[in-house]
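The values are calculated or read from the model by the stated rules, or taken from the named source; none is laboratory data. Everything quoted here is computed from the prediction, not taken from an experiment. Quick reminder, even Gly has a Cβ in these numbers, built from the backbone with ideal geometry, and neighbours come from all protein chains shown.
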Amino acid sequence: MALTKEQIKGSYPLPVYSYKVEIDGQTVAFSEVSGLSMTYDTTLYAESPTTGIGPQWFYMPAQMNPVTVTMKKGVVVGVSVSTLFGWISSTQLNRVAKKDIYIRLCDETGAAVISWKIINAFPTKLEAPGFTANSNDVAIESLELMADSLAIEQA
């Protein structure tokens, strides 16, 4: 039996190429986003025995590691300099503009379906493209961010 369009839409995974990145409500075109993950350190916990046997050992979650995200984009005259360089160059010791960033995965119509919210992000590294005289590759800059946490929101 053939599946209907709605059945296919509801049961097949979304492709990763259709997404939007929003920084301060402004859409910024990035060609790659990676590192959207949450990890916890673990600690070894010894529980006192109730019997004559030695302690029982358990691994327990400890402190959450900071979220580290890398975003790459092509260098475009005027856009790259004003948006990303302005943000990282304003960073000083204990003075940083932390921003919430949304990575929105979209369906075939361009409507956001799932959003990853990077909470209180700030730039830690802005890397210029590598330059090679015998290459015709696109100039790609890379921005690394550190954030407090990550949340997932359903549209």
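A few points about this structure:
- Subset of segment 1-17 (residues that are under 14 Å from D107 (Cα atoms) and loosely packed, with under 11 Cβ neighbours inside 10 Å): K5, E6, I8, G10, S11, Y12, P13, V16, Y17
- Number of residues in segment 1-55 that are assigned to a strand (DSSP E or B), free of Cβ contacts under 8 Å to residues at least 40 places away in the same chain and within 20 Å of V113 (Cβ to Cβ) equals 2.
- Selected residue (criterion: farthest from the chain's Cα centre (by Cα)) from residues of segment 80-102 that are charged (D, E, K, R) and surrounded by fewer than 17 Cβ atoms within 10 Å (Cβ to Cβ): R95
- In a residue-by-residue description of segment 103-118, the property of being more than 22 Å from V16 (Cα to Cα) and either surrounded by 12 or more Cβ atoms within 10 Å (Cβ to Cβ) or at pLDDT 90 or above (or both) applies to no position.
- Residues of segment 125-155 that turn out to be in a loop (DSSP other than H, G, I, E, B) and under 14 Å from the mean Cα position of the chain (by Cα), as a count: 1
- Residues in segment 35-84 that are among the polar types (S, T, N, Q), closer than 23 Å to K98 by Cα and modelled with pLDDT of 90 or more: S37, T39, Q63, N65, T68, T70.
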